[in-house]
């Protein structure tokens with residue numbers, strides 16, 4: 001029987017695997033950043049699936065708090081990575097001009 005917990009956890013594992021594969025295969029920095037975000041989304045899915053305790057008990061709040069904190073950190077880290085990537089690209093273009 002396929003429950004929502006296994007479906008959500010399985011989707012998280014698939015997202016993690018696809019993000020990891022994409023990070024290892026692709027060369028451009030932007031694709032690597034997107035791949036890391038997809039990997040992180042997979043981890044968040046798995047954590048939410050782990051938090052489920054059944055129909056009689058409420059879900060565990062600790063994994064939910066970790067996911068919310070992780071989302072904030074992921075958005076901040078993505079913004080920082082995009083900014084550093086833009087600066088790196090500008091520096092490379094400046095070196096080509098010389």
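Here, each number is a calculation from the coordinates, and none is a lab measurement. For clarity, every value in this text was computed on a predicted model and none was experimentally measured. So basically every Cβ, Gly included, is an ideal-geometry build from the backbone, and we count neighbours across all protein chains shown.
For volume of the Cα convex hull per residue in Å³, pick the label among (i) 86; (ii) 75; (iii) 95 that corresponds to the value derived from the coordinates. Entry (ii). Taking 0.36 nm per residue of separation and subtracting the Cα-Cα distance, full extension of the segment from residue 11 to residue 50 would add 12.8 nm. If you plug the beta carbon distance of residue 34 and residue 72 into 1/(1 + (r/R0)^6) with R0 = 25 Å, you get a FRET efficiency near 0.85.
When each of the peptides 88-95, 9-16 is scored by the mean number of other C-beta atoms lying within 10 Å of its residues, the order from highest to lowest reads 9-16, 88-95. Rounded to the nearest 500, the 222 nm mean residue ellipticity of the chain from helices alone is -30000 deg cm²/dmol, with -39,500 (n - 2.57) taken per DSSP H run of at least 4 residues. The C-alpha atoms of the chain define a longest principal axis, and helix 4-25 lies at about 20 degrees to it.
Full extension of the chain between residue 83 and residue 62 gives 4.4 nm of extra length, using 0.36 nm per residue less the Cα-Cα distance.
I want to verify a result. In a Gaussian network model of the chain, Cα cutoff 10 Å, which of these has the top mean-square fluctuation: 39, 69, 78? Between 39, 69, 78, it is 69 that shows the largest mean-square fluctuation. Of 70, 42, 19, which has the largest mean-square fluctuation in a 10 Å C-alpha GNM of the chain? Taking springs between Cα atoms under 10 Å, the residue moving most is 70.
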